[in-house]
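What follows is a short report on a single structure.
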Amino acid sequence: METPTKLPPSSPSSPTTGFSVPSAEKVDGFPRRSMRRARQRRSHSSSQFRYQSSQVELTPLPLLKDAPVAELHDLFCKKLQQCCVLFDFLDCVADLKGKEIKRAALNELVESVATSRGVLIEPLYPEAIKMISVNIFRTLPPSENPEFDPEEDEPALEASWPHLQLVYEFFLRFLESPDFQPSLAKRYVDQKFVLQLLELFDSEDPREREYLKTILHRVYGKLLGLRAYIRKQINNIFLRFIYETERFNGVAELLEILGSIINGFALPLKSEHKQFLVRVLIPLHTAKSLSIFHAQLAYCVVQFMEKDATVTEHIIRGLLRYWPKTCTQKEVMFLGEIEEILDVIEPSQFIRVQEPLFKQIAACISSPHFQVAERALYFWNNEYILSLIEENCQVILPLVFGTLYRVSKEHWNQTIISLIYNVLKTFMEMNSKLFDDLTSSYKVEKQNEIFRL
Amino acid sequence: MAGAEGDDSLYPIAVLIDELRNEDVQLRLNSIKKLSTIALALGVERTRTELLPFLTDTIYDEDEVLLALAEQLGSFTVLVGGPEFVHCLLPPLESLATVEETVVRDKAVESLRKISQEHSPVDLEVHFVPLVKRLASGDWFTSRTSACGLFGVCYPRVSIMTHTFESTLITAVMHFRTLCSDDTPMVRRAASSKLGEFAKVLELDYVKSDIIPLFTALASDEQDSVRLLAVEAGVSIAALLPQEDLEDLVMPTLRQAAEDKSWRVRYMVADKFSELQKAVGPEITKNDLVPAFQNLLKDCEAEVRTAAANKVKVFCESLPEDSRETIIMTHILPCVKELVSDTNQHVKSALASVIMGLSTILGKDNTVEHLLPLFLVQLKDEYPEVRLNIISNLDCVNEVIGIRQLSQSLLPAIVELAEDAKWRVRLAIIEYMPLLAGQLGVEFFDEKLNSLCMAWLIDHVYAIREAATCNLMKLVEKFGAEWAQNTIVPKVLGMANDSNYLHRMTTLFCINALSEVCGQEITTKHMLPVVLKMSTDQVANVRFNVARCLQKIGPVLDSSALQAEVKPVLEKLATDQDMDVKYFALEAISGMYLFNLPTYIFSETFSFSSILFFFFSFSLSP
């Protein structure tokens, strides 16, 4: 049985991604955002509001904490029903009283589920799930900025967040409550429910996605019957993102969940999981917006390797196949990922991929973009990688020697040249005989070339 | 595959294989693009027996190479020996149709569709139909997605004569049904988008009994991306069905689509509204589509309203004649009135681009009473695009009520656009000037718009000055040379003395544009002296533009003027100290030489270098 490990401790109220900012984001040293006119934060309306034809007048109910025990569940239920009323948040002065009543009710529900035991009894499940569904499930509105670039533009924020946040909080507390019984919940949290939940990950509002991430993780952890379905639907979302639309705001969040799911995979890996790695995770590297979710993606990939070393070759060859041709920013990310992989690679696996891999690394070293060359040369600062190179010096040195020698004479950037000298020095110390042979044969070759001209 | 007999003809394929294995993608790509040459060299038989199997085996390459391969194979029929052998192309294309990359797969499907036409009915059944079935039951979603696109092309041509026709068709429908309820939304999307095409090739009975349930299911799929594609299928299916079946079979579903909870589906309905209207006919239009259209025009998402607003004119035009006016006046116009003051600029701008078209449908009285106020509101809209769209469609109104009705409001709108801070807006309005001038008449133009047109000539954006020059030419074409001489030529020539050299150059550009439409007399008498005078300008850019201008207006001038006045000036410019001036002067001299040959050929004053230049350019000209 596979068990998802704990997500990095992330309380949705204080969102932390659990990942450091990828260095690629600072790639050109310019604060990108400041170059554009800062976009004003806009709020989104949700398409949902139009479906409520006549607005119901809310009347405040007695407080839960004052209710006699006998009436507690009944009152809880009434509050849930009250919270099914939706409000127009684009008109910020509309029905302020009603909004306040609902907010207070939601707060009370959250509080009650979080602190008191014995509240969650069977008849409340359908009511609670209904309240959650009515509030959170909605068709996400069209993006106000058709060329929305998550890296550069401010996201459109959900207007009804004051209520929505509390509903999410309630849902989370509900799932985390010690009284929560998966066997009861699975009747209401079904496939259709999960599918709608997954669709919400496309929300532009990062606060919403943060909640969704934690909630989906809990659902995956507690409702075992839905696991395969959730994985399949995430697959579909990714495939659509890769091959059809290239737009989905929640890729990073879904990958973060997957990272912890992969961690819990049972061994040997099922073919379904391997297929997911090869046909979904690796092709995800081709996305234009890779930088937004690269850290999470690389984490997933490394997780796979740590689970089962035999997938190493698939991964490296896959990355080499999708190696960026023109985008240097992505190239730096790929190199970073390769280093993460090499950090945990098994020597026997390393031997299988070293040739194509070091051909690519040699190509990166000769990149005129100094950050690409620099990133590749940093590999020689990594002790484990260095030990792998040393063991396989006979194969690797001939692959990179010509490039190193040439670039050391030609590169425009002084830092690169000094880095290369260090690398050459390391090689010389590793195997001076081979080094000398290669030097002389390289010189002979150069001579011949000149001669031919 | 090496040449055991040392056969020379193996060389091409050896090269190909070599290059196909090259590390450089570009080389592999080149070699794939030369595939037809290689096939030609190999001959049809060896192409079939050696080249195609080789290609089928090498399908693991870069997507770029695969794309080229998929495309090439689509036109390979002749190279494998004609229609008789076309089925040899199926194996490599089948593999390509299962590739992950959408572009490659789509290209493979396109090629398969193409070569399906070249199969004989029997081959189709023996080779092509099994391929479709294999793809349709493939493991990975890619092959099933590709299969969806092949049903529509391969079944109509499976011969009706063959006794298995019926069963083939039934299995086809069965396979398609499986695809429509596929596990992955990708396949359902593909099926949904091809459902209409497949329906078209089936007999009506099958459409009714089999396609309709599929359509209904797809149109209520849990994913909106599937539902929205079903809308288009619905339109195609509706067009196939007889009127009496529409109400029962498709209308409930289409009605539901128009009110779908996802705005993307509603958008699709709005976007396909004209096609839908055509497909369902006048009665259903009156009863169902009119209220649906009203709702779309009032939709809560601006995207949907925009799509619907775009259709207002076409929808109204195609309403049944007997009730057209009533429907528009009582149902559509009230919504249109609201849209005029919509909060979203794209909605208003979409409406502005079609609203003028309503006037021809509604006639003079209604236009004056109901539409005119709307035009006027839109002419004052805060977004320039809205105003521009109104102005660009003025001709529709002109036909019905004449433009006079509008001119009072038109003028401020035009003036404001003409002075808009965004140069693209100014550019757009300039482009409508000739049209406006034609409709407003010369008097109105002289009185109100002429000064605008002249002001653009000194705009600080080059594109505007350029467009303004071109505009002048079109105006002269409309109003005639005499008008030009009296109104614009003096002003243009006046700019020759401006202190700003850019304005002086504008004079030259205007002369370039105007000389031909103004004719020889005006050009020689009024323009030429100014140009010649400018040849001594201190700014080199002005001087070389004089040379270019002289070359340009040369054909309009008479030969005596050329000889006596133009030639000496050009010769002087040809000795200018500025390189560019020299160059353009020489070019002008040689250019002139071509249309005025006899006077120049023995001219001794011609400098050696210009003769060289002349021969050089002559030998280059065709």
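If you go through the range B:21-48 one residue at a time, how many are more than 37 Å from the chain's Cα centre (by Cα), over 14 Å from B:SER75 (Cα atoms) and buried (at least 20 other Cβ atoms within 10 Å of the Cβ)?
Count: 1.
Might you check whether a residue that is buried (at least 19 other Cβ atoms within 10 Å of the Cβ), assigned to a helix (DSSP H, G or I), touching a Ser or Thr at 6+ places or on another chain (Cβ under 6 Å) and without any contact (Cβ under 8 Å) to a residue 60 or more places away in the chain occurs anywhere in the range A:336-344?
Checked the range A:336-344: no residue is buried (at least 19 other Cβ atoms within 10 Å of the Cβ), assigned to a helix (DSSP H, G or I), touching a Ser or Thr at 6+ places or on another chain (Cβ under 6 Å) and without any contact (Cβ under 8 Å) to a residue 60 or more places away in the chain.
Please go through the range B:189-239 and pick out each residue that is closer than 22 Å to B:ASP271 by Cα and charged (D, E, K, R).
Within the range B:189-239, B:ARG189, B:LYS194, B:GLU197, B:LYS200, B:ASP221, B:GLU222, B:ASP224, B:ARG227, B:GLU232 meet the criteria.
Please name all residue pairs, on different chains or six or more residues apart, with Cβ atoms under 8 Å, provided the first residue is in the range A:236-253 and is at the interface with another protein chain (Cβ under 9 Å from one of its Cβ atoms) and the second residue is of a type in the set (A, V, I, L, M) and not in a helix (DSSP H, G or I).
Close Cβ pairs (under 8 Å, with a partner that is of a type in the set (A, V, I, L, M) and not in a helix (DSSP H, G or I)) amount to A:ILE242/A:ALA287.
Can you list the helices (runs of 4 or more DSSP H) lying wholly within the range B:478-542 that have 1 or more residues being farther than 24 Å from B:SER560 by Cα and of a type in the set (A, V, I, L, M)?
Details: elements: B:489-494, B:501-518, B:528-534.
Output list reads B:489-494, B:501-518.
Within the range B:159-173, does at least one residue satisfy the condition of being within 30 Å of the chain's Cα centre (by Cα) and not aliphatic (A, V, I, L, M)?
Scanning the range B:159-173, I find no residue that is within 30 Å of the chain's Cα centre (by Cα) and not aliphatic (A, V, I, L, M), so the answer is no.
Which residues, taken from the range B:132-147, are surrounded by fewer than 20 Cβ atoms within 10 Å (Cβ to Cβ) and either of a type in the set (D, E, K, R) or more than 13 Å from chain A (Cβ to nearest Cβ) (or both)?
Initially, the range B:132-147 is screened for residues surrounded by fewer than 20 Cβ atoms within 10 Å (Cβ to Cβ), giving B:133-134, B:137-140.
Listed by number, the residues that qualify are B:LYS133, B:ARG134, B:SER137, B:GLY138, B:ASP139.
Select from the range B:96-113 the residues that are surrounded by fewer than 19 Cβ atoms within 10 Å (Cβ to Cβ) and in a helix (DSSP H, G or I) and write down the one among them that is nearest to the other protein chains (Cβ to nearest Cβ).
Ranking the candidates gives B:THR102 first.
I'd like to check something: does the range B:277-285 contain any residue that is within 28 Å of A:LEU140 (Cα to Cα), in contact (Cβ under 8 Å) with a residue 12 or more places away in the chain and surrounded by 20 or more Cβ atoms within 10 Å (Cβ to Cβ)? Break it down stepwise before answering.
Step one: of the range B:277-285, the residues within 28 Å of A:LEU140 (Cα to Cα) are none.
No; the residues of the range B:277-285 include none that is within 28 Å of A:LEU140 (Cα to Cα), in contact (Cβ under 8 Å) with a residue 12 or more places away in the chain and surrounded by 20 or more Cβ atoms within 10 Å (Cβ to Cβ).
The rows are residues; the columns are (1) more than 25 Å from B:GLU399 (Cβ to Cβ); (2) under 34 Å from the mean Cα position of the chain (by Cα); (3) surrounded by fewer than 17 Cβ atoms within 10 Å (Cβ to Cβ).
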| position | (1), (2), (3) |
| --- | --- |
| B:ILE430 | no, yes, no |
| B:LEU457 | yes, yes, no |
| B:GLU466 | yes, yes, no |
| B:LEU472 | yes, yes, no |
| B:ASP498 | yes, no, yes |
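Scan the range B:221-246 for residues that are farther than 18 Å from A:THR245 by Cα and within 13 Å of chain A (Cβ to nearest Cβ) and jot them down.
Scanning the range B:221-246 gives B:ASP221, B:GLU222.
Here's a check for you: in the range B:522-541, which residue that is among the polar types (S, T, N, Q) and under 42 Å from the mean Cα position of the chain (by Cα) is surrounded by the fewest Cβ atoms within 10 Å (Cβ to Cβ)?
B:ASN541
Being touching an Asp or Glu at 6+ places or on another chain (Cβ under 6 Å) and basic (Lys, Arg): is that true of B:ARG548 here?
On the way: touching an Asp or Glu at 6+ places or on another chain (Cβ under 6 Å): no; basic (Lys, Arg): yes.
Considered against the rule, which asks whether it is touching an Asp or Glu at 6+ places or on another chain (Cβ under 6 Å) and basic (Lys, Arg), B:ARG548 comes out as no.
Go through the residues of the range B:258-268 one by one and say whether even a single one is within 14 Å of chain A (Cβ to nearest Cβ), under 22 Å from B:PHE198 (Cβ atoms) and under 30 Å from the mean Cα position of the chain (by Cα).
yes
All but one of (1) at pLDDT 90 or above; (2) surrounded by fewer than 17 Cβ atoms within 10 Å (Cβ to Cβ) hold for A:ALA376; which doesn't?
(2) is the only condition that A:ALA376 fails.
Just for helices (runs of 4 or more DSSP H) wholly inside the range A:65-173: which have at least 3 residues that are of a type in the set (A, V, I, L, M, F, W, C) and farther than 18 Å from A:PHE193 by Cβ? Steps first, answer last, please.
On the way: elements: A:69-82, A:96-115, A:124-136.
So the answer is A:69-82, A:96-115.
If only one of A:ARG352, A:ARG317, A:ARG321 is farther than 16 Å from A:PHE238 by Cβ, within 14 Å of chain B (Cβ to nearest Cβ) and touching a helix residue (DSSP H, G or I) at 6+ places or on another chain (Cβ under 8 Å), which one is it?
Exactly one of A:ARG352, A:ARG317, A:ARG321 is farther than 16 Å from A:PHE238 by Cβ, within 14 Å of chain B (Cβ to nearest Cβ) and touching a helix residue (DSSP H, G or I) at 6+ places or on another chain (Cβ under 8 Å), namely A:ARG317.
Restricting to the range A:131-153, give me the number of residues that are surrounded by fewer than 15 Cβ atoms within 10 Å (Cβ to Cβ) and away from chain B (no Cβ under 14 Å).
Selection size over the range A:131-153: 4.
Mind checking which residues of the range A:390-411 are out of contact with any helix residue (DSSP H, G or I) (no Cβ under 8 Å at 6 or more places or on another chain) and either touching a residue at least 40 places away in the same chain (Cβ under 8 Å) or not in a helix (DSSP H, G or I) (or both)? Even if it seems obvious, please write down each step before you answer.
Step one: of the range A:390-411, the residues out of contact with any helix residue (DSSP H, G or I) (no Cβ under 8 Å at 6 or more places or on another chain) are A:406, A:409-410.
A:ARG406 - this is the single residue of the range A:390-411 that is out of contact with any helix residue (DSSP H, G or I) (no Cβ under 8 Å at 6 or more places or on another chain) and either touching a residue at least 40 places away in the same chain (Cβ under 8 Å) or not in a helix (DSSP H, G or I) (or both).
Give me the residue from the range B:173-208 that is polar (S, T, N, Q) and farther than 18 Å from B:VAL235 by Cα and, out of that set, nearest to the other protein chains (Cβ to nearest Cβ).
Within the range B:173-208, the first condition is being polar (S, T, N, Q), and the residues that meet it are B:178, B:181, B:184, B:192-193.
Next, only the ones that are farther than 18 Å from B:VAL235 by Cα stay: B:178, B:181, B:184.
Numbers: B:THR178: 18, B:SER181: 15, B:THR184: 6 Å.
My answer is B:THR184.
In the range A:382-403, what count of residues is obtained for those that are within 22 Å of A:SER367 (Cβ to Cβ), over 31 Å from the mean Cα position of the chain (by Cα) and not aromatic (Phe, Trp, Tyr)?
8
Criterion first (within 14 Å of chain B (Cβ to nearest Cβ) and either within 18 Å of A:GLU339 (Cα to Cα) or outside any helix (DSSP H, G or I) (or both)) does A:LEU297 satisfy it?
Criteria not met by A:LEU297.
For the range A:266-274, check the following and say yes or no: at least one residue is in a loop (DSSP other than H, G, I, E, B), out of contact with any Ser or Thr (no Cβ under 7 Å at 6 or more places or on another chain), more than 12 Å from every other protein chain (Cβ to nearest Cβ) and without any contact (Cβ under 8 Å) to a residue 40 or more places away in the chain.
For the range A:266-274, residues in a loop (DSSP other than H, G, I, E, B), out of contact with any Ser or Thr (no Cβ under 7 Å at 6 or more places or on another chain), more than 12 Å from every other protein chain (Cβ to nearest Cβ) and without any contact (Cβ under 8 Å) to a residue 40 or more places away in the chain: present.
Looking at this structure, is A:SER160 polar (S, T, N, Q), over 30 Å from A:ALA67 (Cα atoms), more than 14 Å from every other protein chain (Cβ to nearest Cβ) and buried (at least 20 other Cβ atoms within 10 Å of the Cβ)?
no
Which of the numbered conditions does B:SER274 fail, given that it passes all the others? Conditions: (1) at pLDDT 90 or above; (2) crowded, with 21+ Cβ neighbours inside 10 Å; (3) polar (S, T, N, Q).
B:SER274 satisfies all of (1) at pLDDT 90 or above; (2) crowded, with 21+ Cβ neighbours inside 10 Å; (3) polar (S, T, N, Q) except (2).
Residue by residue through the range A:429-453, note down the ones that are surrounded by 14 or more Cβ atoms within 10 Å (Cβ to Cβ), in a helix (DSSP H, G or I) and without any contact (Cβ under 8 Å) to a residue 40 or more places away in the chain.
At the first step, the residues of the range A:429-453 found to be surrounded by 14 or more Cβ atoms within 10 Å (Cβ to Cβ) are A:430-431, A:434-435, A:437-439, A:442.
Filter once more, keeping what is in a helix (DSSP H, G or I): A:430, A:434-435, A:437-439, A:442.
Residues satisfying the conditions are A:PHE435, A:ASP437, A:THR439.
Looking at (1) touching a Pro at 6+ places or on another chain (Cβ under 8 Å); (2) within 14 Å of chain B (Cβ to nearest Cβ); (3) within 22 Å of A:GLN181 (Cα to Cα), which is the one condition that is false for A:PHE89?
Status for A:PHE89: all satisfied but (3).
The values are calculated or read from the model by the stated rules, or taken from the named source; none is laboratory data. Only a predicted model underlies this, so the values are computations on that prediction, with no experimental measurement involved. Neighbour counts run over all protein chains shown; Cβ positions are idealised from the backbone, glycine included.
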